[in-house]
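Participant: Quick one: the structure is below, and I'll ask about it shortly.
The values are calculated or read from the model by the stated rules, or taken from the named source; none is laboratory data. Because the structure is predicted, anything quoted here is derived from the model rather than measured. When we count neighbours, we look across all protein chains shown, and the Cβ atoms used for this are built from the backbone with ideal geometry, even at glycine. The accessibility values were calculated without ligands, DNA or RNA, using every heavy atom of the protein model including side chains. Shrake-Rupley method; radii C 1.70, N 1.55, O 1.52, S 1.80 Å.
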Amino acid sequence: MRWPKGLTGLCYGGDYNPEQWPAEVWPTDVELMRRARVNLVTVGVFAWSRLEPQPGRYDFDWLDRVLDLLHDGGIRVALATPTASPPPWFSLRHPDALPVTADGVRLSHGSRDTYCASAPAYRAAAREIAVALAERYRDHPALALWHVHNEYGTTCHCEHVAVAFRAWLRARYGDLDSVNDAWTGSFWSQHYSGWEQIRPPRATQYLGNPSQLLDFRRFVSDELLAAYVEQRDLLRAATPDVPVTTNYVLGGWVPVDHARWSAEVDLVAIDHYPAEIGPGAEEQTAFAADLARSWARHGQRTGRAGRTAGPPEGRNPPGGPAWLLMESAPNLIITPDRMHAKEPGRMTRHSLAHVARGSRGAMFFQWRASRGGAEVFHSALVPHAGPDSRAFREAVSLGALLARLSEVDAGTVRARVAIAWDAASWWALQATVLPSAQLDYAAEVSAAHRALYRAGHPTDFVTDGDDLFGYALLVLPALYLVSDRYASRIRDYVAAGGHLLVSYFSGIADEHARVRVGGYPGALRDLLGIRVEEFHPLDPTIRLPLSDGSTGRLWAETVRLTGATPSVGYLGGLLDGQPALTRHGYGDGVAWYLSTRLDDDPYRDLLARVAEAAGAAPTCPAAQAGVEAVRRCTAEASWLFLLNHTDAPQTVPVSGVDLFTGVHVDRVVLPAGGCAVLRET
Ligand code: GAL
């Protein structure tokens with residue numbers, strides 16, 4: 001993991017699209033950026049048609065001027081390759097590079113992301129524009145970071161993809177028999193007798209094959225990664241000292257396994273747009289930030305930097321694996337119905353929430369609000385109203401605040417609790433007809449994270465292959481797919497003294513989405529000391545009383561004990577007296593099993609109890625509900641972030657130097673919606 005060249009302290013800025021504005025505006029932009037203490041901007045993300053107006057004819061003059069102006073203003077540049085938005089001439093010239101939907105419809109030009117990543121013409125054009133940019137700007141003093149593409153995530157089902165998918169399958173399985181076996185080809189006569197018969201999963205008469213759909217998602221992730229790596233290597237060859245990254249987009253539709261990708265980026269960069277306007281926005285922010293930090297850690301361990309015995313001096317920033325909030329919305333939360341204007345102070349709180357969990361700064365989409373185009377009403381640091389606006393004044397004050405916080409960049413978040421995260425389980429649950437429409441991987445993982453967040457624990461996410469032994473507690477929510485290897489690593493973790501809590505629908509199937517028979521959860525039965533004979537999916541209106549006074553919902557199971565002891569039971573109905581929550585001592589550790597969905601408060605209480613028994617303490621027990629407390633630390637120092645998400649003032653009895661004021665305090669008084677960062681003493 002590496003840090004933008006020439007930048008110290010926290011990054012602040014965002015996407016800057018000067019190509020949308022006359023040149024007279026550019027010096028004003030730089031002047032306003034300086035006023036707001038912006039130090040990094042992403043330039044050129046969607047500028048392909050301005051950079052290469054005709055095939056092979058480049059126009060860099062305008063970009064030269066912009067980069068010079070930024071450099072003169074002391075602002076560093078994350079220079080983007082514009083490959084997420086090919087120009088109209090490209091699509092007309094190469095109609096075979098336009099993407100085909102699962103319904104077989106070839107899309108037309110007219111938006112962004114309208115390309116097929118497997119089309120040779122697209123890949124060649126992307127390489128050419130990346131090389132042209134690298135050659136032009138390799139020595140430009142403003143260049144701090146390469147920002148490849150934008151939010152890789154498009155899928156195509158064309159003939160180019162069919163060829164690439166078959167090649168990927170050959171590499172993964174070797175022979176066709178193994179594919180047929182992994183995909184349960186004997187079901188509905190889907191046994192393939194020649195490679196050419198295999199196609200990307202297109203629209204078909206009835207249900208598709210879940211294992212094929214799962215492998216297709218894996219393939220798309222690898223195919224997009226190959227497109228990224230191709231550009232990265234060209235950029236690295238031209239500028240070995242400039243780090244390269246791409247910004248991740250999060251969402252159920254995204255066919256990218258970000259943990260896997262993180263081995264290939266020099267710093268993990270995420271875009272984050274919460275989808276709720278209430279306290280859910282803050283919970284989603286913590287979730288995304290914890291994920292990003294965990295991907296960075298995973299990438300550092302599995303990628304190039306992690307493989308070297310010790311990173312060369314200066315390569316790794318001191319604060320642990322690098323990650324950066326690359327985009328967020330300055331002044332709105334977009335819901336399906338409307339764009340909600342963020343309340344004063346919320347942009348600052350959201351930004352600090354990311355920094356608290358390890359982000360090396362706060363970046364936004366975008367610098368100046370567009371005056372036309374598809375996102376004309378998206379918010380910006382400089383809104384349509386111009387700099388004489390509340391939004392810009394908050395941008396200026398955030399810049400000043402971040403400048404005062406630069407010392408926190410040395411600190412790492414140390415989580416003692418981890419949640420398993422697995423893109424393949426998510427994809428498999430989307431592809432399979434499940435016993436309940438309410439069974440939703442992302443919702444299950446979020447519920448566990450929310451419970452720990454509300455209990456005051458920072459949480460890491462782990463994926464298969466990550467070291468588990470440093471955690472006091474590991475939670476597996478709906479970890480549908482578990483390979484033999486992963487199961488044995490989880491077993492080793494518990495045997496060595498780890499505490500584990502598994503929730504329903506984990507360990508059900510192997511890595512090919514084939515159910516493990518003999519009783520659920522096949523991969524973890526012995527570890528949990530239970531055997532589940534039957535599922536009982538519940539109507540969303542039903543609540544099952546439990547013996548501890550809480551209720552179960554959405555899901556219940558017939559759990560047989562094969563070594564575990566019951567801790568909480570079902571009361572009444574079909575499952576009366578049977579266990580809902582069990583505990584099993586295994587080696588030196590403990591394995592819990594939860595067979596139903598608890599409401600948020602009892603789930604928080606359960607995880608708080610289990611974490612405490614495991615030896616994990618919350619960050620700041622003195623913080624009131626609604627006050628988020630997160631600590632970053634080094635061996636010598638620590639910084640406590642306190643974010644008051646309530647609409648009342650809160651006082652937290654902790655002492656240290658308040659970095660906003662420089663004054664030592666023995667208690668922190670947070671105004672409604674306010675924040676503080678303490679250097680602890
Ligand atoms: C991001 C994207 C930006 C912009 C933004 C709007 O996902 O990278 O280019 O579209 O969404 O919220």
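Participant: Can you tell me which residue in region 254-285 is least open to solvent (accessible area, probe 1.4 Å), limited to those that are of a type in the set (S, T, Y) and within 16 Å of the ligand (Cβ to nearest atom)?
Facilitator: Filtering first and then ranking leaves T285.
Participant: Has region 606-620 got at least one residue that is buried (at least 19 other Cβ atoms within 10 Å of the Cβ) and more than 20 Å from R414 (Cα to Cα)?
Facilitator: The answer is yes; a qualifying residue exists.
Participant: Turning to a different aspect of this structure: Scan region 39-54 and tell me whether some residue there is over 18 Å from A126 (Cα atoms) and open to solvent by 10 Å² or more (accessible area, probe 1.4 Å).
Facilitator: yes
Participant: If you don't mind, there's one more thing I want to ask. Among the listed residues A126, A132, A121, identify the single one that is away from the ligand (no atom under 16 Å from the Cβ) and open to solvent by less than 10 Å² (accessible area, probe 1.4 Å).
Facilitator: Every option except A126 fails the conditions.
Participant: Right, another one. Within region 630-680, considering only strands (runs of 3 or more DSSP E) that don't extend past its boundaries, which have at least 3 residues that are farther than 25 Å from D460 by Cα and in contact with a Ser or Thr (Cβ under 9 Å, 6 or more places away or on another chain)?
Facilitator: Of the strands (runs of 3 or more DSSP E) lying wholly inside region 630-680, those with at least 3 residues that are farther than 25 Å from D460 by Cα and in contact with a Ser or Thr (Cβ under 9 Å, 6 or more places away or on another chain) span 668-670.
Participant: Out of all the residues in region 135-153, which are part of a loop (DSSP other than H, G, I, E, B), more than 18 Å from D59 (Cβ to Cβ) and more than 16 Å from the ligand (Cβ to nearest atom)?
Facilitator: R138, D139, P141, A142
Participant: Give me a count of the residues in region 309-353 that are at pLDDT 85 or above and not in a helix (DSSP H, G or I).
Facilitator: The qualifying residues number 23.
Participant: Would you mind finding the one in A329, A423, A374, A395 that is buried (at least 24 other Cβ atoms within 10 Å of the Cβ) and small (G, A, S)?
Facilitator: Exactly one residue qualifies, and that residue is A395.
Participant: Taking region 529-555 as the search range and keeping residues that are at positive phi and of a type in the set (G, A, S), which one is least open to solvent (accessible area, probe 1.4 Å)?
Facilitator: It comes out as G529.
Participant: When residues of region 467-489 are filtered for being under 20 Å from L607 (Cβ atoms), surrounded by fewer than 22 Cβ atoms within 10 Å (Cβ to Cβ) and under 21 Å from the mean Cα position of the chain (by Cα), how many remain?
Facilitator: Going through region 467-489 one residue at a time, the tally reaches 1.
Participant: Is there a residue in region 341-350 that is within 14 Å of the ligand (Cβ to nearest atom) and charged (D, E, K, R)?
Facilitator: Yes; the residues of region 341-350 include at least one that is within 14 Å of the ligand (Cβ to nearest atom) and charged (D, E, K, R).
Participant: Can you confirm whether region 343-352 contains a residue that is among the small types (G, A, S), open to solvent by 10 Å² or more (accessible area, probe 1.4 Å) and farther than 26 Å from D290 by Cα?
Facilitator: No: zero hits.
Participant: Considering each residue of region 494-528, count those that are crowded, with 19+ Cβ neighbours inside 10 Å and at positive phi, and give that number.
Facilitator: Of the residues in that region, 3 qualify.
Participant: Next up: Go through the residues of region 233-251 one by one and say whether even a single one is within 16 Å of the ligand (Cβ to nearest atom) and over 20 Å from L145 (Cα atoms).
Facilitator: Scanning region 233-251, I find at least one residue that is within 16 Å of the ligand (Cβ to nearest atom) and over 20 Å from L145 (Cα atoms), so the answer is yes.
Participant: Considering only region 638-681, state which residues are surrounded by fewer than 19 Cβ atoms within 10 Å (Cβ to Cβ), touching a Gly at 6+ places or on another chain (Cβ under 6 Å) and touching a residue at least 60 places away in the same chain (Cβ under 8 Å).
Facilitator: Passing the criteria: G673, R679.
Participant: Let me ask you something else. Can you tell me which of V66, V77, V30 is within 32 Å of the chain's Cα centre (by Cα), under 30 Å from S328 (Cβ atoms), modelled with pLDDT of 95 or more and outside any helix (DSSP H, G or I)?
Facilitator: Checking each option against the conditions leaves just V77.
Participant: While we're on this one: Please count how many residues of region 191-229 are among the aromatic types (F, W, Y) and open to solvent by 20 Å² or more (accessible area, probe 1.4 Å).
Facilitator: Residues flagged as among the aromatic types (F, W, Y) and open to solvent by 20 Å² or more (accessible area, probe 1.4 Å) within region 191-229 amount to 3.
Participant: Just to be sure I understand the filter: pairs with C-beta atoms under 9 Å, separated by 6 or more residues or on different chains, first member in region 101-125 and modelled with pLDDT of 95 or more, second member among the basic types (K, R). Which pairs pass?
Facilitator: Within 9 Å, the pairs are T101/R202; A102/R202; D103/R202; G104/R202; A117/R123; A121/R93.
Participant: I'd like the full set of residues that are aliphatic (A, V, I, L, M), more than 20 Å from Y137 (Cβ to Cβ) and assigned to a loop (DSSP other than H, G, I, E, B), limited to region 235-264.
Facilitator: V249, L250, V254, V256, A263
Participant: Follow-up question, since we're still on this one. So which residues in region 222-258 are closer than 19 Å to Y273 by Cβ and either more than 16 Å from the chain's Cα centre (by Cα) or not hydroxyl-bearing (S, T, Y) (or both)?
Facilitator: Selection gives N247, V249, L250, G251, G252, W253, V254, P255, V256, H258.
Participant: In region 41-63, which residue that is within 16 Å of the ligand (Cβ to nearest atom) and among the small types (G, A, S) is nearest to the chain's Cα centre (by Cα)?
Facilitator: For region 41-63, the residue satisfying everything is G44.
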